[in-house]
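Reviewing the structure listed below.
Read the figures in this text as sums done on the coordinates, not as results from a lab. Note that the coordinates shown come from a computational prediction; the quantities given were computed from them, not determined experimentally. Quick reminder, even Gly has a Cβ in these numbers, built from the backbone with ideal geometry, and neighbours come from all protein chains shown.
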Amino acid sequence: MTVNSADARELTGRPTTVAAPAGTVAGRVTDGVRGFAGIPYSAPPVGVLRWRPPAPPQRWKGTRDASRFGNDCPQQRLPRDLTPSDQPMSEDCLSLNLWAPERARRLPVMVWIHGGGFVMGSSASPVLDGAKLARRGVVLVSFNYRLGRFGFFSHPALGDGGQRSANFAFEDMIAALKWVRGNVAAFGGDPRNVTIFGESAGGAAVDFLLAAPQARGLFHKAIVQSGANREPYARLDRDRPARISADHAGAAFAASAGLSNPSAAALRALPAEAIQGKLGLLDQQPDRFTGPVIDGVTVLDDPVEQFGAGAVPRVPYLIGSNGAELSAEPFVPILLDLIKAALGPGFAALGGSYGDPPSPALIDDYYFGEAARGYARIMAGHGAPTWLYRFDHVTAAERATRQRAQHASDIAFVFGNLPPGADAQDRAVSDLLGTYWTNFARAGDPNGFGLPRWERVASGGNAALIVAAGSAATRELGNAARLDAVERAMNERRARENLQ
């Protein structure tokens with residue numbers, strides 16, 4: 001499947017060359033920052049390699065042009081995406097991008113994992129250009145990983161009698177981190193000081209990687225932006241309450257594609273267009289697609305359980321959410337109905353905190369705020385240096401129509417790629433976040449000279465850095481009582497479903 005919607009995005013500037021262990025690449029230098037794009041970190045996952053762990057890329061002879069971004073993975077794009085891309089789409093999409101100061105030497109490395117609900121997204125979006133972050137004294141890496149059914153799929157026919165992975169996207173991420181470990185020193189990065197960070201599904205992936213045995217030692221710090229999630233995940237071969245197993249979802253998809261009892265070869269021979277179909281954020285097909293799966297390979301259990309049991313490294317951990325993630329969106333009634341169905345009898349108990357019918361604020365607290373606080377408390381309780389934040393700054397262009405920060409709006413501030421019309425307040429907040437994030441990557445602590453003091457969160461605390469209206473300060477979360485109510489309801493749900 002290759003969709004040519006536009007020419008591939010290119011880096012600009014004068015040529016620069018790096019001889020890395022993976023091969024020599026030619027990028028571009030602009031304003032003292034070297035940029036490289038479209039470097040393959042895996043063989044194309046096509047043909048017999050579809051639904052297999054990533055294989056090493058074929059080595060190239062001579063110097064490879066690394067000035068053009070690689071293909072996006074197949075997906076259904078959304079017109080309102082805050083990190084848009086119009087790259088060509090293809091299954092051959094496993095490439096990475098890198099930015100580094102021209103004279104970099106043993107700089108901290110930051111590896112970005114894009115969001116998109118595990119069904120869409122791209123590392124090639126101009127909003128994710130890493131030059132401004134790199135200019136703060138880090139090496140910035142981003143990459144694409146398999147999405148939708150290309151990245152998460154299970155069917156008994158794909159097994160060989162042993163363990164079966166269903167999380168090819170997470171295996172892609174691990175392969176990209178291994179590429180970083182083996183090659184980033186050639187670009188001036190320190191492979192012993194790697195921070196992974198991501199937003200939404202990319203933030204959730206950070207937590208999955210913290211709990212993945214295969215990722216141990218590949219990174220040393222972690223940042224989760226609007227990605228904490230306490231929803232139960234699918235299992236490989238048995239259904240659970242309100243959640244179909246990956247095998248059953250895979251069989252249902254195969255049947256919908258006309259394959260009632262397929263072989264592995266028949267599944268891998270399906271056209272990419274049939275595998276992608278209309279799967280996307282607005283059509284998640286829960287009867288035929290599960291997303292991340294507890295497969296016993298890369299995902300051993302629900303991340304909540306693994307974090308709670310201490311089965312994750314005690315790395316410095318920074319996590320947070322935005323003020324109005326999804327509560328001002330047109331699909332609020334649908335999300336409230338989903339929460340009601342998920343919580344069952346526990347939903348009524350939230351009336352005292354959110355009203356009846358409940359305020360849309362429940363959506364932000366349930367899907368993002370409570371989970372972020374919960375993960376922060378768990379990590380702090382295990383002794384990991386942990387910081388919690390709430391981002392609620394709105395750009396100048398939107399202040400007349402929006403009061404609080406929506407989902408994904410923090411990304412432009414972290415990367416320093418602000419939208420048109422940004423004012424001095426916006427630029428100050430961007431500088432603040434960029435400095436906090438790179439300080440954290442450098443030393444495992446976001447604090448530094450001239451910055452508002454960001455206090456660590458305690459195991460049962462509510463202290464968070466609140467970023468709003470151009471300023472930042474550590475304060476107690478104003479919605480802590482509501483978060484407590486959501487936490488109780490979620491714990492009761494997990495107990496009913498025998499998930500605790």
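At 222 nm, what value in deg cm²/dmol follows for the chain if DSSP H runs of at least 4 each add -39500 (n - 2.57) and the sum is divided by all its residues, to the nearest 500?
Only helices count here, giving -8000 deg cm²/dmol.
Near LEU128, within a Cβ-to-Cβ distance under 13 Å, what is the net charge of the other residues, with Lys and Arg +1 and Asp and Glu -1?
-3
Points 7 angstrom from Cα along the Cβ direction at ARG402 and ALA252: gap in nanometres?
If labels sit at ARG402 and ALA252, their model points lie 3.3 nm apart.
Under a plain spin-label model, where a point goes 7 Å from the Cα along Cα-to-Cβ, how far apart in nm are ARG427 and ALA309?
Between ARG427 and ALA309, the simple spin-label model gives 5.1 nm.
Listing ARG192, ARG427 from the residue with the fewest other Cβ atoms within 10 Å to the one with the most, what is the order?
ARG192, ARG427
Report, in order of residue number, the helices in the chain meeting two criteria: a C-alpha extent of 20 Å or more along the helix axis, and a mean Kyte-Doolittle hydropathy of at least -1.0; treat each whole DSSP H run as one helix.
Answer set is 168-183, 424-443.
Just want to confirm a number: the relative contact order over the range 236-372, from Cα pairs under 8 angstrom separated by 6+ residues, in percent.
20
Which residue, chosen from LEU140, THR83, ALA348, occupies the Cα position most advanced towards the positive end of the dipole of the range 2-496, where the dipole is computed from +1 (Lys, Arg) and -1 (Asp, Glu) charges on Cβ about the Cα centre?
LEU140
Please give the contour-minus-distance gain from ARG216 to ALA481: 0.36 nm per residue of separation, less the Cα-Cα distance, rounded to one decimal in nm.
91.8 nm
Which value in nm describes the separation of the simple spin-label points at SER459 and ALA348, placed 7 Å from the Cα toward the beta carbon?
Spacing of the two 7 Å Cα→Cβ label points: 3.6 nm.
Please rank THR195, THR17, fewest neighbouring Cβ atoms within 10 Å first, as an exposure proxy.
The most exposed by this proxy come first: THR17, THR195.
Going by how many other beta carbons lie within 10 Å of each one, how would you line up ILE319, ILE378, fewest first?
Ranking ILE319, ILE378 by Cβ neighbours within 10 Å, fewest first, gives ILE378, ILE319.
Hey, can you rank 413-422, 36-45 by average C-beta count inside 10 Å, highest first?
Going by the mean number of other Cβ atoms within 10 Å, highest first, we get 36-45, 413-422.
Once the piece of chain linking VAL332 and ASP287 is laid out straight, how much longer is it, given 0.36 nm per residue of separation minus the C-alpha distance between them?
14.0 nm
Within the range 48-151, which trypsin sites (Lys or Arg not before Pro) sit in a loop by DSSP and count at most 12 neighbouring Cβ atoms inside 10 Å?
Listed in order of number, the matching sites are ARG59, LYS61, ARG80, ARG103, ARG105.
Using the Cα centre as the reference, give the magnitude of the dipole from point charges on the C-beta atoms of the range 71-171 (Lys, Arg: +1; Asp, Glu: -1; all else neutral), rounded to the nearest 20 debye.
For the range 71-171, the charge dipole is close to 520 debye.
What does a probe at ARG106 reach in the range 429-447, counting residues whose amide N is under 19 Å from the point 7 Å along Cα→Cβ?
439-445
Whose amide H sits under 5 Å from the amide H of VAL139, counting only residues 5 or more places off or on another chain, with H placed in the peptide plane?
Amide H neighbours of VAL139: VAL109, MET110.
Name the residue from ALA481, ALA255, PHE415 whose Cα lies farthest towards the positive end of the charge dipole of the chain, charges +1 on Cβ of Lys and Arg and -1 on Cβ of Asp and Glu.
PHE415
Please compute the contact order of the chain in relative form: average sequence separation of alpha-carbon pairs under 8 Å and at least six residues apart, divided by the residue count, as a percent.
14
Using the Karplus curve 6.51 cos²θ - 1.76 cosθ + 1.60 with θ = phi - 60°, work out ³J(HN,Hα) for each residue of the range 140-155 in order, rounded to whole Hz, and write x for Gly and Pro.
10, 10, 9, 7, 9, 9, 4, 10, x, 5, 5, x, 9, 7, 9, 7
How high is the relative contact order of the range 312-468? Use alpha-carbon pairs under 8 Å, at least six apart in sequence, and give a whole percent.
About 30 percent, as a whole number.
About the Cα centre of the range 386-462, what is the dipole size in debye to 20, counting +1 per Lys and Arg Cβ and -1 per Asp and Glu Cβ, all else neutral?
Charge dipole, the range 386-462, about its Cα centre: 120 debye, nearest 20.
Could you pull out every one of the lysines with an alpha carbon less than 30 Å from that of LYS221, ignoring same-chain neighbours closer than 8 positions?
By straight Cα distance, LYS221 reaches LYS132, LYS178.
State, to one decimal in nm², a quarter of the convex hull surface area for the C-alpha atoms of the range 399-500, i.e. the direction-averaged projected area.
The number I arrive at for the range 399-500 is 9.0 nm².
Using the Cα centre of the chain as origin and beta-carbon charges of +1 (Lys, Arg) and -1 (Asp, Glu), tell me which of TRP99, ASN167, PHE153 is placed farthest towards the positive end of the dipole.
So the residue furthest toward the plus end is TRP99.
Give, rounded to the nearest 20 debye, the magnitude of the charge dipole that the chain has about its Cα centre when Lys and Arg contribute +1 at Cβ and Asp and Glu contribute -1 at Cβ.
It comes to approximately 1400 debye.
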